[in-house]
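The values are calculated or read from the model by the stated rules, or taken from the named source; none is laboratory data. Values in this document were obtained by computation on a predicted structure and should not be read as measured data. Cβ: placed from backbone, ideal geometry, glycine included. Neighbour counts: every protein chain shown.
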Amino acid sequence: MTEAEQEPRVTDEKTLFAVPHTGMALAGLIIRTMARLWVVCLLLAGAAFAGITLNQMMQRQAQLNELRKEPGPDAYAVVAYQRELERQIRAYNQNWRSESVPTPPPRPRLLEDIDLARLRNREIGQGSAPSAAPSDGAISAPP
Amino acid sequence: MPDPEDNISGLPEVVRNSNRPIIIYQGPPPGQLDAPTTNAVGLLSWLTLLTICLVAIALSVWTVWNPGHDQTQFSPIYAQGQPVGLAKRIEERQEVNARAEGLLEYLERVRADNLGRRRSGETHPLITDRDGVEDLRSQWDAMCRSIRARIYDRRIGQIDARLSELRAYRRQVADPVERARVDGDLAGLTEQRRAELDRRRTDSDPALRCVPAAQAPVCSDASAEPWCNPQHGRPDEFRAEAS
């Protein structure tokens, strides 16, 4: 055994942290860059879609608020009354074994005004004197 | 006994004199430990931001396109209740607005014709068209008459059935006293049937009188029906009411 072989080997810092191969380092750099780019694009796309959908939601809300300006509650009530008449007709047709006669839904005030105006106009058309209110009779009996 | 100065950095003599390589770990190079920590925090930040974006997207889409209906809330358009999603609510409101458009103007025109004592040819789809209020009222009145006729038929049918039973029983009875009692019952039932037919013909049973839908009571301020005072039940619908 020579003297040189007996000397302890000195391992410096460069040996411990070996520098990788240049090709591998380049590939790693490209992969890291691509991954970062992908994450950034994902986040940008997410933010863009979030902004678009939030904007759409706000626009829908604004559109609804705009639609709610017209008509007023009186006209809205007449539409709702029409829907209630439809609903009652459908419900009573399904439950035809009812033991009592139905009660008509109360009329909205605007509809009463329309009824009175139309009644008066009908009477004008018939040439008779207008009456203040519709007659109080019930539906005539079946034959 | 070795001299203390020979013990370099506390290495024992036996190690110093060995032929093995001596590796002294002095920690990672400067900045080596910071990188993984920074990367982890960065990744968490990206993920948090991405999650916030996804939540915002999901919330917005759900708010607009929610297909559900609130069955406890009356809807003037949908039978299954008020829609929850903004898109459906817009559809509902557009339908309401389309149906009610020009209703006040229609009333004003009819009133103007009345003042001028002219026969009005004015119409409004909500009132005069097919499935309008007038048509539905006719259907409602017909339905009421039909229900009433069925009730009378049922009552008369029950009396007829009882009469048939009594007549069959009378044919089997030999006892004159019992026959006289059955005859009395038959006469009573016959009279009851005649009275029922009279009530049906003259519509004299107040419990079975059909009030025409056009003559129903008018809504008051205290009426709780959703079509009477919609501004009380759902003020949101008229938040920005036009002046």
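General remarks:
- If you filter the stretch B:198-216 down to residues that are of a type in the set (A, V, I, L, M, F, W, C) and under 15 Å from A:Glu99 (Cβ atoms), you find that the one that is surrounded by the most Cβ atoms within 10 Å (Cβ to Cβ) is B:Cys210.
- Pairs where the first residue, in the stretch A:84-101, is at positive phi and the second is acidic (Asp, Glu) and exposed (fewer than 13 other Cβ atoms within 10 Å of the Cβ), C-beta under 7 Å, 6+ apart: none
- All helices (runs of 4 or more DSSP H) inside the stretch A:1-110 with 3 or more residues being at pLDDT below 95 and buried (at least 16 other Cβ atoms within 10 Å of the Cβ): A:22-67, A:73-94
- Selection count, the stretch B:62-96, where residues are among the aliphatic types (A, V, I, L, M), part of a helix (DSSP H, G or I) and under 20 Å from B:Gly233 (Cα atoms): 3
- Test set (1) more than 9 Å from every other protein chain (Cβ to nearest Cβ); (2) crowded, with 17+ Cβ neighbours inside 10 Å - B:Asp141 fails condition number: (1)
- Filtered residue count, the stretch A:111-130, keeping only those that are in a helix (DSSP H, G or I) and loosely packed, with under 14 Cβ neighbours inside 10 Å: 2
- Filter result for the condition that a residue is touching a Leu at 6+ places or on another chain (Cβ under 9 Å) and within 30 Å of A:Arg90 (Cβ to Cβ), over B:Arg170, B:Arg200: B:Arg200
- Condition broken by B:Val55, with the remaining ones in (1) at pLDDT 90 or above; (2) surrounded by 14 or more Cβ atoms within 10 Å (Cβ to Cβ) satisfied: (2)
- Selected residue [hydrophobic (A, V, I, L, M, F, W, C), touching a Ser or Thr at 6+ places or on another chain (Cβ under 9 Å) and over 30 Å from B:Arg199 (Cβ atoms)] from B:Leu163, B:Leu59, B:Leu54: B:Leu59
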